[in-house]
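Chemist: One structure, pasted below without further comment.
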Amino acid sequence: MIELLIALIPLFKAVHIIALVIWCGGLITLPLMLAHHEPTDNADDYRRIRQATHQTYIFCVTPAAVTAVVVGTWLIFLRGVFEPWFYGKLFFVALMVFAHAWIGHIIVEVAETKGRKNIPEPIFSLLLILSLMAIILFLVLAKPDLSGIEFPEWLSETRGHQLPFETPKR
């Protein structure tokens with residue numbers, strides 16, 4: 001079974017990258033879609049843009065985010081990547097998940113109240129999201145040496161417990 005999983009690593013990486021492209025593209029697109037919610041729109045236009053924003057978030061961006069995180073988690077264990085740069089990447093991925101949830105919260109607010117109440121300017125959202133993406137991309141591609149950073153003991157040593165599943169050996 002482990003040999004099959006190791007053989008499927010390129011497929012997992014491809015699925016992970018495709019899901020990331022969709023997720024990141026959605027996180028860029030959704031703030032721009034939210035900016036089009038105008039209080040002066042007639043009821044049909046307002047409903048149409050609200051539904052498009054909601055459906056993009058629910059049926060496209062969120063499944064891509066879940067897929068990227070789940071497949072990425074599988075890759076952590078299949079590849080055995082437990083290095084300092086990787087902990088930084090996980091931190092910034094967690095911030096992307098929070099940004100995703102924040103955008104979802106704004107979408108719900110827009111659906112419940114007509115008007116531009118509490119909708120941030122898209123430039124703020126875009127700068128946040130693009131910064132997170134750039135930092136993650138840098139960490140993944142450059143794999144900088146962060147060995148000088150002190151990590152808690154529980155991150156740098158094994159806990160002496162067997163995982164509930166078998167992991168591949170390098």
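The values are calculated or read from the model by the stated rules, or taken from the named source; none is laboratory data. Just so you know, these numbers come straight off a predicted model, no measurement behind them. Every residue, glycine as well, gets a Cβ built from its backbone with ideal geometry; the counts of neighbours run over all protein chains shown. With ligands, DNA and RNA removed, areas are computed over all heavy atoms of the protein, side chains included. Shrake-Rupley method; radii C 1.70, N 1.55, O 1.52, S 1.80 Å.
Chemist: Among the helices (runs of 4 or more DSSP H) contained in region 50-160, which hold 2 or more residues that are under 15 Å from ILE28 (Cβ atoms)?
Modeler: 62-79, 84-112, 122-142
Chemist: TRP23 - would you say it is aromatic (Phe, Trp, Tyr) and farther than 30 Å from GLU150 by Cβ?
Modeler: yes
Chemist: Filter region 30-45 down to the residues that are assigned to a helix (DSSP H, G or I), within 18 Å of HIS105 (Cα to Cα) and open to solvent by less than 60 Å² (accessible area, probe 1.4 Å) and list them by number.
Modeler: Those that are assigned to a helix (DSSP H, G or I), within 18 Å of HIS105 (Cα to Cα) and open to solvent by less than 60 Å² (accessible area, probe 1.4 Å): LEU30, PRO31, MET33, LEU34.
Chemist: Also, quick follow-up: Can you go through GLU83, GLU121, GLU112 and tell me which one is within 30 Å of LEU32 (Cβ to Cβ), open to solvent by 50 Å² or more (accessible area, probe 1.4 Å), touching a residue at least 24 places away in the same chain (Cβ under 8 Å) and among the charged types (D, E, K, R)?
Modeler: GLU121
Chemist: For GLU109, state whether it is out of contact with any Ser or Thr (no Cβ under 6 Å at 6 or more places or on another chain), among the acidic types (Asp, Glu) and more than 20 Å from PHE59 (Cβ to Cβ).
Modeler: So GLU109 does not fit the description; no.
Chemist: Moving to a separate point now. Here is a list: ALA52, ALA19, ALA14. Which entry is loosely packed, with under 13 Cβ neighbours inside 10 Å, modelled with pLDDT of 95 or more and of a type in the set (A, V, I, L, M, F, W, C)?
Modeler: Going through ALA52, ALA19, ALA14 in turn, just one is loosely packed, with under 13 Cβ neighbours inside 10 Å, modelled with pLDDT of 95 or more and of a type in the set (A, V, I, L, M, F, W, C): ALA14.
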